[in-house]
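Reviewing the structure listed below.
The values are calculated or read from the model by the stated rules, or taken from the named source; none is laboratory data. Only a predicted model underlies this, so the values are computations on that prediction, with no experimental measurement involved. Here the Cβ positions follow ideal geometry from the backbone for every residue, glycine too, while neighbour counts run over all protein chains shown. We work out accessible area using only protein heavy atoms, side chains counted, and drop any ligands, DNA or RNA first. Shrake-Rupley method; radii C 1.70, N 1.55, O 1.52, S 1.80 Å.
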Amino acid sequence: MLIIWDSYTALPVKTIARPHATGVTAMDISLDGKHIVTLSRDPGDGAAQVISLWSWMTDTDEPAVSAEVVVGDFQYAVRFALDDPNQLVSNGAKRVVFWALDEEGLQYYSPPMSQRDFKQVVGDFTVSHLLPGTARAISATTDGDVILWDQVILPEVSSQDRRAIKVVKTHPGASLSYVSILDEFIVTAGSDGHVRFFDFEFRVVAWFEDLDAGPIQSLSFARSVPGARYSEQTAAAGTLKCPDFIVATLNALVIGCSAALFDELDEADRRGTLLVQGNDAAVHGLALHPSLPRFAISGFSGTLQLWDYDERRILLMRLFDRLLGSTLAFDSKGKYLAAGFTNGALKVLDGMTLEEVSHFRVSKDMISKIGFSPDTQYFATADVENCVAIYKWAPKDDDESKPKEWVYLGKHNAHYKPITDIQFGISPTGQPELVSIGQDRTIVAYDLSRSSVTGGIVLKSSVKVEQLAVPTACMWHKHGGVCGVDHSV
């Protein structure tokens, strides 16, 4: 599906239900906003890829023109020329295709290029652009190079055809993920986390190399002033003049930047403004605060974030060095937040400040579950070694003269298959109770009152609850009985 949106109202203005049978892999919109180009996804059955031009402001839902891509290299990037919507360029990993629209349809030319042309290895192409006001074009590569294409006059080729004439090293050793044209600047960004501005002769004009936000995935400029000549303003002022821009990185950061950053003397002042902090890896821990509009998340990014979901913003964040989060749990009052990690480490944090209260390492492998008792006197963890560990809020060494802290009582390997859940409840006498259930179809009850540091973990019972189905979770349930309050799981 292809949807054209009004960027001011955020409302769709046109929908094309099925622009390509296999879907769209890349697209671009012309500078005047009247035309759209799309590249179809790889059909995977040997059929040809299709490029289509759409005059979307007309009443029809059919493309103005389409053509098959028959260069033998799947194309995954396409761009309009900024000064002529009838000129386009696309590229795949190994081939660049120059397209021209005329009365007969889309004509194309894909110039050959060999590593022998430049006596060096040339990386896969990432994106290509036509330089406005010239016959030149550029293609970025995964090696951090830019290939410059220009028309050449040779006996065997037409003077309108372009050839690769130069390799320019713009980001040595880094993959170029972004290249764009701003007025008469070539703007590049790559996996080295740097942004650079060049003129059309590839002379560097400005650079932003202290953002320290990770590999750059995309970059976007604010709306430029119509007719603004930023290159002329830069030359006149002696310093960079350009619209503000933002960069998004593979570290899940969005950084706001302005041209003024280039003139800052202090390195810390050249880092830009953090606009968004996300997670660059899977989230595995999620815990809701029991009384405040807050939740905590952790995951394989190594970060722990405390969010306010009313204000939709991050309140606090902690970065754990070489620790990957696997699970989280608040206690019933929100005073403590327990965080488990893939290496078996366990941290108890202050639920308001995320400052560390206690640290344990009694498991050799990932902690999969954490639960607190309703009275916050106990908490327990389950790990992937099928063990349940229990902790108690008590004086160390049972010495009443010492202040209370979280004390590790011990752990028990009560299951022979993975533990799927652990749950605390309250007994009819008001005492906390703990059960665990596993893929071995067994529910195990633990005797918290008799468990201790010296005596270890004591079990109350171990009951097979199913013959065929595999339990995935459990919870406590209260209901009235003939003998008073019954308590079951």
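Where a ≥ b ≥ c are the square roots of the eigenvalues of the C-alpha gyration tensor, would you call the range 93-235 rounded, which needs a/c under 1.5, or, failing that, prolate if a/b is larger than b/c, or oblate?
Numbers: a/c = 1.92, a/b = 1.32, b/c = 1.45.
Verdict is oblate for the range 93-235.
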- Task: Just add up the charged neighbours of Ala47: K/R +1, D/E -1, any other residue whose Cβ is under 13 Å from the Cβ of Ala47.
- Result: -2
- Val204: net charge of surrounding residues, Cβ under 13 Å, Lys/Arg +1, Asp/Glu -1, itself excluded? 0
- Query: Stokes-Einstein D for the range 368-447 at 10 °C, 1.306 mPa s, Kirkwood Rh over Cα pairs, in µm²/s?
  - Reply: 121 µm²/s
- Query: Cα to Cα, under 13 Å, and not fewer than 8 places away if on the same chain: which aspartates and glutamates meet these conditions relative to Lys396?
  - Reply: Glu405
- Item | Heavy-atom accessible surface of the range 435-478: percent carbon and sulfur, 1.4 Å | 55 percent
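Can you give me the accessible area per residue for the chain, using a 1.4 Å probe, in Å²?
Normalised by residue count, the accessible surface of the chain is 51 Å².
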- Note on the structure: Carbon plus sulfur, as percent of the 1.4 Å-probe accessible area of the range 1-81, comes to 53 percent
- Query: Regarding the range 270-369, what is the average projected area of its C-alpha convex hull, in nm²?
  - Reply: 6.9 nm²
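Which whole-number percentage describes the relative contact order of the chain, with Cα contacts under 8 Å and a sequence gap of 6 or more?
Answer for the chain is 5 percent.
Test of the criteria: in the range 288-337, which trypsin sites (Lys or Arg not before Pro) are in a DSSP loop and have at most 11 other Cβ atoms within 10 angstrom of their Cβ? Present the calculation step by step, with values, prior to reporting the outcome.
Values: sites: Arg294, Arg312, Arg313, Arg318, Arg322, Lys333, Lys335; in loops: Arg312, Arg322, Lys333, Lys335.
In loop regions of the range 288-337 (DSSP not H, G, I, E or B), the sparsely surrounded trypsin sites (Lys or Arg not before Pro) are Arg312, Arg322.
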- Query: Over what distance in Å are the Cα centres of the range 397-424 and the range 325-373 separated?
  - Reply: 13 Å
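How large, in Å, is the chain by the Kirkwood hydrodynamic radius built from its alpha-carbon pairs?
After inverting the pairwise mean of 1/r, the radius is 27.5 Å.
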- Anything over 23 Å Cα to Cα? Flag those among Lys369/Lys460; Lys369/Lys411; Lys333/Lys417; Lys392/Lys460; Lys166/Lys241, in the order listed. Lys333/Lys417; Lys166/Lys241
- Task: For every helix of n ≥ 4 consecutive DSSP H residues, a contribution of -39,500 (n - 2.57) applies; sum these over the chain, divide by its total residues, and give [θ] at 222 nm rounded to the nearest 500 deg cm²/dmol.
- Result: -500 deg cm²/dmol
- For Lys169, go through the aspartates and glutamates and keep the ones whose alpha-carbon is under 15 Å away, minus same-chain ones fewer than eight residues off. Asp124, Asp143, Asp145, Asp192, Asp199, Glu201
- Task: Please list the non-local residues whose amide H lies under 5 Å from the amide H of Gln217, H modeled 1.01 Å from N, same-chain partners needing a gap of 5 or more.
- Result: Ala248, Thr249, Leu250
